[in-house]
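The values are calculated or read from the model by the stated rules, or taken from the named source; none is laboratory data. In this text, all values refer to a predicted model and were calculated from it rather than measured experimentally. For neighbour counting, all protein chains shown are included, and Cβ atoms are generated from backbone atoms with ideal geometry for every residue, glycine included. The area values use the complete protein model at the heavy-atom level, side chains included, leaving out ligands, DNA and RNA. Shrake-Rupley method; radii C 1.70, N 1.55, O 1.52, S 1.80 Å.
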Amino acid sequence: MVLVMSQEVREALGAGRPVVALESTIIAHGLPRPHNLRVARELEDVVRREGAVPATIAVLDGRPHIGLDGEQLERVANEDGIRKLGHRDLPLAVATGASGATTVSATAHLAALAGIRVFATGGLGGVHRQWTVTQDESADLGLLARTRITVVCAGVKSVLDVPATLQRLETLGVAVAGYGTGRFPGFYLSDSGYPVDWTLRDPEQVADVMRAQDALGARESALIVANPVPEKEQLDPALHARVLAGALDACDKKGITGQAVTPFLLDHLVRETDGASLRANLAAVRGNVRLAARVAVAWARG
Ligand code: PSU
Ligand code: MN
């Protein structure tokens, strides 16, 4: 087996105890230093407080790790040259001995391979605005269409074309439900402005959907649980709209493309909102991690 599992994660999975996968791109490329390391540790604590085991996932020296110790977490947060790895990059990183943080697509793939069913992140990647020109659509979507995992997220990143992304998820056959809401969340915002067809009310109900997915024997696709940031912790929608327009403009003018687009936009928003977008992002991620842990507990109860 190519995976390196931490002892804690291996024991929990072996005993059928709840485990939550956490991605590392948000640590290495989504959040500024030195917040990122503190947040990475805090998120693991949130999982533990809910009675589950955190499995932060990253590739170090060509080895995919499921569950990181303190020193490894520090490498992901602080090492220069940590790459950003989508699922297509995994074989390249493994064969060349590279180190990288894993995006939603790579994390979901490795988690499923390890037998972890529940995964928490901030916001999914998706279809970018200007898609007709750039064809930029995150690999997250395609991977989630063929991976049996439950992803708790605050919707998709608001820098994206949200309705196009929702349409794409429908076409790909990925199940989407709002958690306690009939509105699709907007990452920094509680409401993206678009509805969802289904609303789930508690972790037990999410676990019931997961069991139904398995019972129906359909294609191995994901379940997206879209959990809104609480309204009082969201980014001011007017500020969001104003700053985002400037960010998209700057991205275009600087000719940023490919993997660099999302980190560029997130970083631009942090600076131009004096950290308000960072606070909303963190509130969203914390809430998602807590809910994911509760879902993992309900799932493990069987
Ligand atoms: N959620 C966050 N911050 C992030 C990301 C998600 O709050 O930085 C990352 C995820 O790893 C996601 C990636 O998979 O951004 C999408 O990148 P791209 O658009 O290049 O596929
Ligand atoms: Mn992209």
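Here are some notes:
- Tensor-based shape of the chain (alpha-carbon gyration tensor, a/c under 1.5 rounded, otherwise prolate or oblate): rounded
- Separation of the Ile256 and Arg48 label points, Cα + 7 Å toward Cβ, nm: 3.4 nm
- Per residue value of the accessible surface for segment 63-157 (all protein chains in place, 1.4 Å probe), Å²: 37 Å²
- Oblate is the label for segment 92-188, because the ratio a/c of its alpha-carbon gyration tensor axes (a ≥ b ≥ c) is 1.5 or higher and a/b is not greater than b/c.
- Cα-based shape type of segment 154-225, given that a ≥ b ≥ c are square roots of the gyration tensor eigenvalues and the cut on a/c is 1.5: oblate
- The length gained by stretching the chain between Gln7 and Arg75 to full extension, at 0.36 nm per residue less their Cα-Cα distance, is 22.6 nm.
- The length gained on full extension between Gln135 and Arg88, counted as 0.36 nm times the residue separation minus their Cα-Cα distance, comes to 15.2 nm.
- Cα→Cβ-extended label distance, 7 Å offset, between Glu233 and Asp214, nm: 3.0 nm
- Helical content of the chain, expressed as a calculated mean residue ellipticity at 222 nm, amounts to -14500 deg cm²/dmol (DSSP H runs of 4 or more residues, -39,500 (n - 2.57) each, divided by residue number, nearest 500).
- Segment 1-79-segment 187-207 distance, computed between alpha-carbon centres (Å): 26 Å
- Peptides 112-124, 46-58, ordered by how many other C-beta atoms sit within 10 Å of their residues on average, highest first, read 112-124, 46-58.
- Ligands, DNA and RNA left out, the 1.4 Å accessible surface of the chain is 51% carbon and sulfur atoms.
- Ellipsoid semi-axes for segment 182-302, based on the Cα gyration tensor and the rule √(5λ), read 33, 17, 13 Å when sorted largest first.
- A straight chain from Arg146 to Arg63 at 0.36 nm per residue would run longer than the Cα-Cα distance by 27.5 nm.
- Rg over Rh, two decimals, segment 1-116 (C-alpha only, Kirkwood Rh): 0.94
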